Amino acid sequence: MPRKTLVKAGLVALALALLLPWSYSYWLKTRTFEPVDKPVSLEARKVQREEFELNLSEDYSVRIELDYADDWNESKCPFRPWTDPDWKVYRLRGGAIKIGELWASSAEILKRRDIPDGFHGKPGRYRLEWSVPGASPCLNARHPRVHVYTSSSDYEQIGGLIQFICVFLAGTGILLVLRGLCGWVFAHVFDRRPPRMFPEMVLRNVTPWKRHQPMSLICDISNFRVVCVGVLFVCLVFFLALTPLTPKGLLVDFREQKAVGVGKSPWTETISVYVDSRKRFLVNGQQVERQELEAKLKEELSRQMVWTVYFEADYDCFFSDATFAIDTIQGLGAKVTWITPKSREEWKQKSRP
């Protein structure tokens with residue numbers, strides 16, 4: 001291939017390696033994964049409305065989330081805003097006068113014997129109308145917020161795949177450019193051919209070619225297995241000698257069934273860590289960033305005599321977030337007391353009259 005073609009192909013590959021991740025990142029920033037996130041007031045049987053716009057064709061969840069608090073009494077004011085759900089989503093059409101077309105409702109989802117926690121949306125303008133049961137206004141002290149959102153994990157994985165492909169594109173482009181430049185440097189610097197008396201005369205070979213018998217094809221390598229096993233054995237011994245065999249993971253005790261692994265603490269103030277389904281970390285009811293979790297826990301533990309942290313996670317949170325929180329707590333030298341959903345349910349049953 002000509003040197004100019006190699007350089008041009010390499011430059012095109014480098015341009016693609018730079019433009020593809022940038023364009024996808026720009027497109028991803030323009031997508032709306034959470035069109036509704038605002039504080040609301042829970043008023044019994046009052047229909048509330050909120051308009052929003054979607055630019056993705058995805059399954060969207062409709063939820064009301066509350067602040068996490070350790071001292072909240074679930075028996076006096078249970079969290080049941082969606083026990084008897086009554087919400088509707090209308091798709092708006094038209095210009096100045098918007099006509100609402102019923103797109104999804106909790107009643108239709110309940111008829112299909114499904115959980116009414118969301119709907120499938122397409123790009124367009126929508127209006128959400130919802131109301132809560134009569135027992136919900138007592139939850140206003142926990143700062144309720146209405147959310148309409150969809151997960152962005154699939155799009156983030158596609159972005160990671162594009163970046164992985166662009167690494168190979170960039171490497172290929174650099175190799176093509178270097179090969180083309182090296183060929184040009186070799187031709188102009190190192191290739192010193194002697195001068196000819198008649199440069200216009202075409203050189204021809206006047207010595208006849210001596211043809212040999214065709215060589216037999218190599219169909220089998222007899223010692224391939226021996227060489228392969230030897231190389232694999234050397235690599236196995238090398239990596240076993242350099243890689244320490246240290247156990248990693250979380251220690252779990254299944255010998256005795258109990259709700260909490262420690263006895264009653266004499267200290268009135270405790271430390272709790274909660275992980276919800278939207279990748280948020282709450283320490284004693286206060287939201288902290290993922291990278292600030294260790295510093296916040298270190299600050300709270302410095303005030304305690306007993307380093308015990310009560311950990312709880314939402315039923316549909318990411319497994320990586322839960323393990324990150326547990327690993328951070330144990331890395332600081334504190335003992336983790338995991339409050340499982342079953343333990344929480346047992347406590348609710350015991351607190352009921």
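The values are calculated or read from the model by the stated rules, or taken from the named source; none is laboratory data. Not measured: the values here are computed from a predicted model. Here Cβ is always computed from backbone atoms with ideal geometry, including for glycine, and neighbour counts include all displayed protein chains.
Can you name every residue in the range 325-348 that is closer than 22 Å to residue 67 by Cβ and assigned to a helix (DSSP H, G or I)?
Initially, the range 325-348 is screened for residues closer than 22 Å to residue 67 by Cβ, giving 325, 328-329, 337-341, 343-345, 347-348.
Passing the criteria: 325, 328, 329, 341, 343, 344, 345, 347, 348.
Within the range 42-52, is even one residue touching a helix residue (DSSP H, G or I) at 6+ places or on another chain (Cβ under 8 Å), in a loop (DSSP other than H, G, I, E, B), at negative phi and surrounded by fewer than 15 Cβ atoms within 10 Å (Cβ to Cβ)? Lay out the reasoning, then the answer.
Here is the first cut: in the range 42-52, the residues touching a helix residue (DSSP H, G or I) at 6+ places or on another chain (Cβ under 8 Å) are 42-44.
Retained after the next criterion (residues that are in a loop (DSSP other than H, G, I, E, B)): 42-43.
Retained after the next criterion (residues that are at negative phi): 42-43.
Of the ones still in play, those that are also surrounded by fewer than 15 Cβ atoms within 10 Å (Cβ to Cβ) are 43.
Yes, the conditions are met somewhere in the range 42-52.
Applying the set (1) assigned by TED's automatic domain parsing to the domain that holds residue 63; (2) crowded, with 17+ Cβ neighbours inside 10 Å; (3) touching a residue at least 40 places away in the same chain (Cβ under 8 Å) to residue 180 leaves exactly one unmet item: (1).
Sort out which residues of the range 295-323 are surrounded by 15 or more Cβ atoms within 10 Å (Cβ to Cβ), in a helix (DSSP H, G or I) and within 22 Å of the chain's Cα centre (by Cα), and write them in order of number. The answer is 321, 322. Considering every residue within the range 79-101, establish whether at least one is modelled with pLDDT of 90 or more, in contact with a Phe, Trp or Tyr (Cβ under 9 Å, 6 or more places away or on another chain), closer than 21 Å to residue 277 by Cα and assigned to a loop (DSSP other than H, G, I, E, B). Taking every residue of the range 79-101 in turn, none turns out to be modelled with pLDDT of 90 or more, in contact with a Phe, Trp or Tyr (Cβ under 9 Å, 6 or more places away or on another chain), closer than 21 Å to residue 277 by Cα and assigned to a loop (DSSP other than H, G, I, E, B).
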